[in-house]
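Heads up: the structure comes next, in C-alpha cells.
The values are calculated or read from the model by the stated rules, or taken from the named source; none is laboratory data. Only a predicted model underlies this, so the values are computations on that prediction, with no experimental measurement involved. Neighbour counts are summed over all protein chains in view; Cβ atoms, including those assigned to glycine, are modelled from backbone coordinates with ideal geometry. With ligands, DNA and RNA removed, areas are computed over all heavy atoms of the protein, side chains included. Shrake-Rupley method; radii C 1.70, N 1.55, O 1.52, S 1.80 Å.
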Amino acid sequence: MGQRFAELAFTPLVKENQKRHGSRRQYARMEELGEAGDRLGEYERDFIASRDGFYMGSVTESGWPYIQYRGGAKGFLHVIDDRTLGFADLRGNKQYISVGNLQHDNRVALFLMDYAEQRRLKILGRAIIHEDDAEASGLIESLRVPGEKTPVERAMLIQIEAFDWNCPQHITRRYTEEELAQILAPIRQRLDALEAENEKLRKAAQL
C-alpha cells in the first residue's frame, strides 16, 4: 500500500476500526515502509491501457456518494503522465450527475477492474473538466478514440493523488467475449481437427 493512499483513506475513525479488529499494526507498518504511491509506474500504465471500462465515484452537493461507469475501447482512458489520466467524456443519458458533482467537489475515486485475472486498482484524484474553454477542443481531439461515433461533450482530466492495488480475495472471475475467445481458441482448434479427421474417415468408409 502506498503511503499517500493510507494518508488519505485512513482517517481517525478508520484507524479506530483497524485497532478494534486487529489490523492496525500491520497497516501502520505498511504506511511506514511503503512507497509513496502517488505516481504511476509501468505496471499501472499497462494495466490502465488495457482496460475497457472503469467505475468513478463522486459526491453530490447533498453529501450522497454516486458511482458511474465509463466504458469504451481499450485505451480510451489515457495515461498522460505518471500523475495524470484523461478521457473524452461521451454523451450519455444527459443526467449530468457526475459533472454537477465534480463542479461542487472535484474529488473522485476510480475503480479499475480486471475480473478475469482478479486484479483491482483504486485511484484517488481530482477531476478537471474542460468544456467550452480554450483547451477543450484540443484535449478532446487528443483523447478521442478513433472510430467512436458517439458525440464527445467534454474532456476529463484526473490529477492522481494516490493509488492502491486491492487484494484479489472475493473478486468473482468474469470474462469478456474477447477473453473467452482466447480461452476457448485451443478447444475450437481441437474440435476443428477432430471434425476434419472424422470427415476423412467417413469418406474412406464410403470407398
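With a cut-off of 20 Å, note down the residues of the stretch 30-57 whose backbone N falls inside the zone around a label point 7 Å from the Cα of Q18 toward its beta carbon. Those under the cut-off are 30-39. Atom-type composition of the exposed protein surface of the chain places 51 percent of the accessible area on carbon and sulfur (1.4 angstrom probe).
Summary: within the chain, the longest segment free of trypsin sites (Lys or Arg not before Pro) located in DSSP loops with at most 15 other C-beta atoms within 10 Å is 95-143. The charge dipole of the stretch 16-133, taken about its Cα centre with unit charges on the Cβ atoms of Lys, Arg (+1), Asp and Glu (-1) only, comes to about 560 debye.
Tell me which DSSP H helices of the chain clear both cut-offs, 20 Å or more of axial length from alpha-carbon atoms and a mean Kyte-Doolittle hydropathy of at least 0.5.
For the chain, where a helix must reach 20 Å along its axis and average at least 0.5, there are no hits.
So which residue, out of A127, A155, A28, gets the largest mean-square fluctuation from a GNM of the chain using Cα contacts under 10 Å as springs? Largest GNM mean-square fluctuation: A28. Rg then Dmax, both in Å and based on the Cα atoms of the stretch 21-177: 16.5, 52. Restriction of the chymotrypsin sites (Phe, Trp or Tyr not before Pro) in the stretch 127-207 to DSSP coil positions whose beta-carbon has at most 13 other beta-carbons within 10 angstrom yields Y175.
Under a Gaussian network description of the chain, with springs only between Cα atoms under 10 Å, the residue in M56, M113, M30 that fluctuates furthest is M30. Distant-in-sequence amide contacts of G75, defined by a placed amide H-H separation under 5 Å and a gap of 5 or more residues or a different chain, comprise R51.
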